[in-house]
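I have placed the structure first, in the form of structure tokens, so that the comments after it can refer back to it.
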Amino acid sequence: MIANMLRVRPAGQCRGLNPNLKPGRHEMADWKNTIAKFVHRVEEKVDAQRQKFGAMGDGTARIEAYRGYGCADRAYLRGRVVRGAAVPAAVAEQGIAMNLAAMIQRFESDEVAGAKVRVVYPGGQAAVTTDEEGYFEAWLHPKPPFSADNLWHEVVIELVEPAESDPPHRALAQLLVPPPTAAFGVISDIDDTVVKTDATSVLRMARNVFLSNAHTRVPFPGVAPFYRALQQGAGESPFNPIFYVSSSPWNLHDTLTEFLMVQKIPLGPLMLRDWGVSAQEALPTGHASHKLEAIRRILDLFPALPFILIGDSGQEDPEIYHRVVRDYPDRILAVYIRNVVPRPDRVGAIRKLAAEVEHAGSALILADDTLAAARHAAEKGWIRPQALGEIGEVAREEHEPTPAGTNQANRELSTEGPGTGPQAR
């Protein structure tokens, strides 16, 4: 299967490297053979893992339920119908071969197009059909409305067709319903904002994503206590909702959720994207359309709730958030951008965006680290000042050197007009 993707000679026919020869076809064969051996080892790990968890030859359709969100009388839910066993939770001592095997298993699951799904919720049900990639989405209108006493609510998803088991396959989905007392919401990117991914480098990104797991991937220093502080807020409100909008594929939903839990970062709905080939895009190279659609859906569903947007400078977050500030005036308390790559060509572009964000009545804070954003949030009264101690301590313990040039760029680019910006409730 996987090993067949590389054409190599049998191991006995490969020659060793000759130091007197320039790299050529023979050395390339050795390189391919080494890779083939590793891929074969990974394939064995995939098969062993599938056999261990009863997945060998099992093509039964199942439902992947993603966390949804909504208000008391209206909620949004996504999921997918696939064939293949779910990947078990990782363990801290898991090696890179098993990590890669688990990742291959995530991407090898076969989608079930045209599946009939029923979502059962209080007072009603929604019948939906999966698209060509196996995804479905549903809008729910519960009667009676979801209770404000609970933050998370469960609904049942039932696979109607294909009917391959008796009783039908069912899954539980969780819906986040923020309390009426929430002061604000948070919409955060994930890659290079919460977790180190190196998304601007394909090779480093592949290493971080495919060879790591939820226990070994590294969060940015201080992110966990900062996000907990934002969720807790500074007033009487015990809970402000956090939503994660990322260009990572839905195939990573389980491992990203597990990462948040392992690192004690507040859970929230993850809005990821389909990496399948479509008529509009052969490869998922763009970010703006997916992120804008997801952010707009959240903002439109909670029209009275202001938001804080958090992202990084590595890709398109400043441009995307600038457009959100423009399209939703008086809704965005602040934009926090982690400066991960101080490229000169980005400095001028972000400087212009920062000025326009300030003119629109909000603030763009370009931060070297988590503590800089946390200090601003404390000054604005969005988090308790006492939280800065834990955030600073954790950030120092986890500290790594700031990329050269970011300090000066951040001082130049961070803008905030006095007295500007919408007020949290």
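The values are calculated or read from the model by the stated rules, or taken from the named source; none is laboratory data. Here the structure is a predicted model, which means the values were calculated and not measured. Don't worry about glycine lacking a Cβ; one is built from the backbone with ideal geometry, like all the others, and counts go over all protein chains shown. Note: areas computed on protein heavy atoms with side chains; ligands, DNA, RNA excluded. Shrake-Rupley method; radii C 1.70, N 1.55, O 1.52, S 1.80 Å.
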Taking the stated definitions as given, is Ala294 among the small types (Gly, Ala, Ser), surrounded by fewer than 22 Cβ atoms within 10 Å (Cβ to Cβ), within 26 Å of Pro249 (Cα to Cα) and out of contact with any His (no Cβ under 6 Å at 6 or more places or on another chain)?
yes
Of those in region 71-94 that are more than 17 Å from His141 (Cα to Cα) and among the basic types (Lys, Arg), the residue surrounded by the fewest Cβ atoms within 10 Å (Cβ to Cβ) is Arg83
Expected output for region 103-123 (first residue within 13 Å of Ala173 (Cβ to Cβ), partner open to solvent by 10 Å² or more (accessible area, probe 1.4 Å) and not charged (D, E, K, R), Cβ below 6 Å, 6+ apart or cross-chain) is Val117/Val128; Arg118/Gln125; Arg118/Ala127; Arg118/Val160; Val119/Ala126; Val120/Val156
>> On the basis of being at pLDDT 90 or above, surrounded by 16 or more Cβ atoms within 10 Å (Cβ to Cβ), over 12 Å from the mean Cα position of the chain (by Cα) and within 20 Å of Ala373 (Cβ to Cβ), does Phe243 make the cut?
In response: no
Taking region 256-285 and keeping only residues that are at pLDDT below 95 and either β-branched (Val, Ile, Thr) or closer than 17 Å to Thr197 by Cβ (or both), one is left with Arg273, Trp275, Val277, Pro284, Thr285
State whether the residues of region 71-86 include one that is acidic (Asp, Glu), in contact with a helix residue (DSSP H, G or I) (Cβ under 9 Å, 6 or more places away or on another chain) and at pLDDT 50 or above.
no
Exactly one of Gly268, Gly222 is of a type in the set (Gly, Ala, Ser) and closer than 24 Å to Thr181 by Cα, and that residue is Gly268
Flagged in region 259-275 as surrounded by fewer than 21 Cβ atoms within 10 Å (Cβ to Cβ) and in a loop (DSSP other than H, G, I, E, B), in numbering order, are Gln263, Lys264, Pro266, Leu267, Asp274, Trp275
Of the residues in region 114-152, those that are within 18 Å of Ile63 (Cβ to Cβ), in a loop (DSSP other than H, G, I, E, B) and over 24 Å from the mean Cα position of the chain (by Cα) come to Gly114, Ala115
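Residues are listed down the side, and each one gets a yes or a no for (1) open to solvent by less than 50 Å² (accessible area, probe 1.4 Å); (2) outside any loop (DSSP other than H, G, I, E, B):
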site	(1), (2)
Ala173	yes, yes
Thr181	no, no
Ile187	yes, yes
Leu203	no, yes
Asn208	yes, yes
Thr216	no, no
Pro221	yes, no
Phe226	yes, yes
Pro238	no, no
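Condition check ((1) open to solvent by 60 Å² or more (accessible area, probe 1.4 Å); (2) under 30 Å from Ser212 (Cα atoms)) across all residues:
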residue: Glu111; (1), (2): yes, yes
residue: Ala126; (1), (2): no, no
residue: Tyr135; (1), (2): no, yes
residue: Pro144; (1), (2): yes, no
residue: Val156; (1), (2): no, no
residue: Val160; (1), (2): no, no
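So that you can scan it fast, the table gives a plain yes or no per residue for (1) assigned to a loop (DSSP other than H, G, I, E, B); (2) out of contact with any strand residue (DSSP E or B) (no Cβ under 8 Å at 6 or more places or on another chain); (3) open to solvent by less than 20 Å² (accessible area, probe 1.4 Å); (4) without any contact (Cβ under 8 Å) to a residue 60 or more places away in the chain:
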position	(1), (2), (3), (4)
Leu305	yes, no, yes, no
Asp345	no, yes, no, yes
Gly389	no, yes, no, yes
Ala395	no, yes, yes, no
Could you check, for region 135-147, whether at least one of its residues is within 21 Å of Ala294 (Cβ to Cβ), of a type outside the set (A, V, I, L, M, F, W, C), modelled with pLDDT of 90 or more and in contact with a Pro (Cβ under 9 Å, 6 or more places away or on another chain)? no
### Query
Would it be correct to say that Val195 is under 30 Å from Arg331 (Cβ atoms) and β-branched (Val, Ile, Thr)?
yes
Flagged pairs (Cβ under 6 angstrom, 6 or more apart or on separate chains; first in region 166-195, over 19 Å from Leu301 (Cα atoms); second open to solvent by 10 Å² or more (accessible area, probe 1.4 Å) and charged (D, E, K, R)) are Pro168/Glu158; His169/Arg62; Arg170/Glu158; Leu172/Glu154; Thr193/Arg338; Val195/Arg217
Residue count, region 195-207, condition over 16 Å from Arg338 (Cβ atoms) and of a type in the set (S, T, N, Q), comes to 1
Scanning region 246-255 residue by residue, those assigned to a helix (DSSP H, G or I) and either open to solvent by less than 10 Å² (accessible area, probe 1.4 Å) or more than 23 Å from Pro178 (Cβ to Cβ) (or both) turn out to be Trp250, Asn251, Leu252, Asp254, Thr255
